[in-house]
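Engineer: Quick one: this structure, given as structure tokens, is what I'll be asking you about.
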Amino acid sequence: MVKVLTLLGYYTVSVATVAEGMVKLDGQHFAIIDMNLPDGVGTHILERIRAENRPIRVAIMSGSADEAIVEEAKRFAPELILSKPINLAAVLTWVEGTR
């Protein structure tokens, strides 16, 4: 996904953990957050974005069968919820709304 978005002219920042995501939150227009990361759930990143009133549009994605993770994320009002495998057309339509 990072490669596709970069090819389309978007500046992308890829992270692999919740901790890295927290450190690299800096002026993004949108964030695509995986709910299952090696050091925790992406909900922590989404919660921080909302708590700090950052003007970031957020999509969450999950390949987990655990609906509780997605339900928890819904509390923080993501603009898009994606299931894996990801529908790239849906992501691109959503991202285009940020330009």
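Engineer: Find the centroid of the Cα atoms in the range 76-99 and in the range 1-56, then give the distance between the two in whole Å.
Structural biologist: 13 Å
Engineer: Using only the alpha carbons, work out the radius of gyration and Dmax of the range 2-92 in angstrom.
Structural biologist: 12.5, 35
Engineer: In straight Cα distance, which aspartates and glutamates are under 16 Å from K24, not counting same-chain residues fewer than 8 positions off?
Structural biologist: By straight Cα distance, K24 reaches D34, D39, E47, E52.
Engineer: Continuing with the same structure: Give, as a single signed number, the net charge of other residues whose beta carbon lies under 9 Å from the beta carbon of F30, with Lys and Arg counted +1 and Asp and Glu -1.
Structural biologist: Every neighbour counted, the sum reads 0.
Engineer: Net charge near P55, counting Lys/Arg +1 and Asp/Glu -1 over other residues with Cβ under 13 Å of its Cβ?
Structural biologist: 0
Engineer: Around T17, under 12 Å between beta carbons, what's the net of Lys plus Arg minus Asp minus Glu among the other residues?
Structural biologist: Charge balance near T17 sits at -2.
All of the numbers you see were taken from the coordinates with simple rules; none came from a lab. Please read all numbers here as calculations on a predicted model, not as lab measurements. Glycine also receives a Cβ, built like all others from the backbone with ideal geometry; neighbour counts cover every protein chain displayed.
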